[in-house]
Amino acid sequence: MNIKPNNPAPHHNWNRLMTDLQESPTLALNNQIKQMSAAGKKVYNLTAGEPDYPVSPEIKKNVIANIDENRYAPSAGLPHLRSAIAKNCASWYAADWIKTDNTIITAGVKPALYTTLLSLLNSGDEVIILTPAWVSYSHMIELCGGKCVYVSLSKKFDIDIDALEKAITPRTKAIIINSPHNPTGAVFGTNTLRKVALLTNRHKIYIIADNIYDRITYVPCPKITDCGFDTNYLIITNGFSKSHALMGWRIGYIIAPSDLIVKIVAITSHILGNTALPSQYAGITAAENYDAPSFLPELTVKRSIVANALDAMPKLSYNMPGGAFYFFVNIQKITKDSNAWCEQLLRETGVALVPGEAFLAPGYARLSYPVSQIILENALNKIAGFTK
Ligand code: PLP
């Protein structure tokens with residue numbers, strides 16, 4: 001036998017997209033921090049998009065009650081879960097067109113987005129991404145053969161309609177709207193979204209509404225279904241990672257026109273088979289108890305703690321987040337090089353933030369606040385000392 005599995009692979013034979021592809025910077029940073037903590041260093045980890053809350057007892061109970069099920073499941077997801085999600089979303093989005101046929105279960109929002117993009121994109125099709133942007137959109141689009149077109153949000157983190165209109169070309173296939181928005185926490189208003197809808201309806205562009213934070217809001221957040229988007233072009237991705245702190249269980253879903261769902265089910269049948277059954281049982285309980293998360297009042301308090309602390313740091317500024325659980329802190333009075341700043345902050349104080357470069361926005365650092373209050377307060381004190 002002449003197989004030497006440890007030999008370096010012949011890189012020149014790989015997909016050329018692998019040359020630039022790196023692990024998600026937020027996950028990589030989070031892993032680095034966990035290793036530092038394991039090595040005994042005191043680290044205040046404000047990087048992860050993970051609400052620090054336990055799995056609810058009701059969810060555990062339903063999973064345990066069904067733990068013996070081990071057959072392959074339908075690629076679209078368990079009918080009970082699909083209908084629970086369809087029912088919840090029809091009510092949440094006040095959209096009676098949302099039925100079981102418009103719903104597919106996915107192993108988190110990442111695969112929801114990825115299979116959506118696979119189902120839509122031909123080689124060279126353009127997808128508009130609003131920047132700052134969540135780290136994975138651009139990589140997913142490129143892996144699906146698409147081309148990313150970047151449009152900056154305004155200084156107040158609103159959608160710049162003129163810039164958006166200028167970015168539209170005959171090759172524009174879709175635009176990703178994420179509201180509440182990661183990393184800024186911005187909530188886009190009804191008027192803004194209505195203006196976006198006028199453009200996308202006119203040009204027949206798909207809206208991929210990544211609504212993963214839409215149950216975590218501190219201000220009124222318009223429903224994406226209430227802004228005039230042509231529902232033939234509207235695709236909503238969502239899941240339970242944030243609303244129910246089920247990050248590791250990998251459970252999400254897509255709401256889309258039923259003929260597109262049929263195709264996404266086909267893709268899923270070939271690349272995934274089905275989302276893990278225990279997670280689907282968790283999803284059933286989550287979907288049946290699914291409005292504002294139980295920890296929203298605590299997050300509201302933590303948001304105020306961060307805002308008050310940042311208000312006392314003259315070199316830092318921010319826009320108050322309307323949703324999600326991040327502050328996108330402007331550090332430009334100090335530097336534009338947030339990579340170097342975050343690295344120094346971590347080295348000197350043990351506080352870990354995500355540099356804005358990860359979101360295509362140098363000069364900022366993302367602070368994620370669903371951690372224990374004591375960690376949050378200690379970390380904020382250290383940032384205050386560091387920025388004096
Ligand atoms: N979309 C956004 C904007 C996110 O912030 C995240 C996770 O951080 C995801 C999608 C991925 O969610 P999931 O963990 O359910 O795959």
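Laboratory data are not the source of any read-out in this text; all were calculated from the coordinates shown. Being a predicted model, the structure only gives us computed values, none of them experimental. FYI the Cβ positions are ideal-geometry reconstructions off the backbone, even for glycines, and counts take in every protein chain you see.
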Mind jotting down the distance between the C-alpha centroids of the range 341-371 and the range 50-69, whole Å? 32
Taking θ as phi - 60°, what are the ³J(HN,Hα) couplings along the range 147-161 by the Karplus curve (6.51, -1.76, 1.60), each to the nearest whole Hz, with x for Gly and Pro? 10, 8, 10, 9, 10, 6, 5, 6, 4, 8, 6, 10, 7, 8, 5
If contacts are Cα pairs under 8 angstrom and at least 6 residues apart, what is the relative contact order of the chain in percent? 23
Derived scalar couplings ³J(HN,Hα) [the range 207-219; Karplus, 6.51 cos²θ - 1.76 cosθ + 1.60; whole Hz; x for Gly, Pro]: 9, 9, 8, 7, 9, 4, 9, 6, 9, 10, 9, 10, 9
Taking only the alpha carbons of the range 247-382, the radius of gyration and the largest Cα-Cα distance, Dmax, both in angstrom, are 19.7, 54
Would you mind computing the Rg to Rh ratio of the chain from its alpha-carbon coordinates, Kirkwood style for Rh? 0.97
For the chain, the longest site-free run once chymotrypsin sites (Phe, Trp or Tyr not before Pro) in DSSP loop states with at most 11 other Cβ atoms within 10 Å are removed: 73-388
Assuming R0 = 25 Å, what is the FRET efficiency of Q32 and S372, from their Cβ-Cβ distance, to the nearest 0.05? 0.75
K388: which lysines have alpha carbons under 29 Å from its alpha carbon, excluding same-chain residues fewer than 8 sequence positions away? K34, K41, K42, K155, K156, K302, K315, K333, K336
FRET efficiency for S24 and D96, using Cβ-Cβ distance with R0 set to 30 Å, rounded to 0.05: 0.20
P(r) of the range 1-154 over all Cα-Cα pairs, 10 Å bins starting at 0, rounded to whole percent, reads 8, 20, 29, 30, 12, 1, 0
Give me, ordered by chain and number, the residues 5 or more places off T131 or on other chains with an amide H under 5 Å from its own placed amide H. V151, S152, L153
Summing +1 for each Lys or Arg and -1 for each Asp or Glu, what net charge is found among the other residues whose Cβ lies under 13 Å from the Cβ of L299? +1
Candidate aspartates and glutamates for bridging to K87, where Cα separation is under 12 Å - those fewer than 8 sequence places away on the same chain excluded: D96, D101, E288
Can you give the helix-only mean residue ellipticity at 222 nm for the chain, where every DSSP H stretch with n ≥ 4 adds -39500 (n - 2.57) and the sum goes over all residues, rounded to the nearest 500 deg cm²/dmol? -11500 deg cm²/dmol
Once A276 and K315 are pulled to full extension, the length gained, defined as 0.36 nm per residue separation minus their Cα-Cα distance, is 9.3 nm
Computed over the range 103-244: relative contact order in percent, which uses C-alpha pairs under 8 Å that are six or more apart: 23
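When every alpha-carbon pair in the range 263-306 is counted, what percent end up more than 15 Å apart? Walk me through the numbers on the way to the answer.
Values: 618 of 946 pairs.
Every Cα pair in the range 263-306 considered, those over 15 Å come to 65 percent.
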Mind scanning K242/K263; K61/K110; K166/K204 and naming the pairs with a C-alpha gap bigger than 23 Å? K242/K263; K61/K110
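Please return the longest stretch of the chain lacking exposed loop sites, where GluC sites (Glu not before Pro) count only if DSSP places them in a loop and at most 15 other Cβ atoms lie within 10 Å.
Longest run free of exposed loop sites: 70-388.
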Search the structure for amide H atoms under 5 Å from the amide H of T172, placed 1.01 Å from N in the peptide plane, and list their residues when 5 or more places away or on another chain. E126
Would you give the gap between the C-alpha center of the range 292-332 and the C-alpha center of the range 170-239, rounded to a whole Å? 23
Taking the alpha carbon gyration tensor of the range 166-310, what are the square roots of 5 times its eigenvalues, largest first, to the nearest whole Å? 27, 24, 12
Evaluate the charge dipole of the chain about its Cα centre and quote only its size in Debye, nearest 20, assuming +1 on the Cβ of each Lys and Arg and -1 on the Cβ of each Asp and Glu. 480
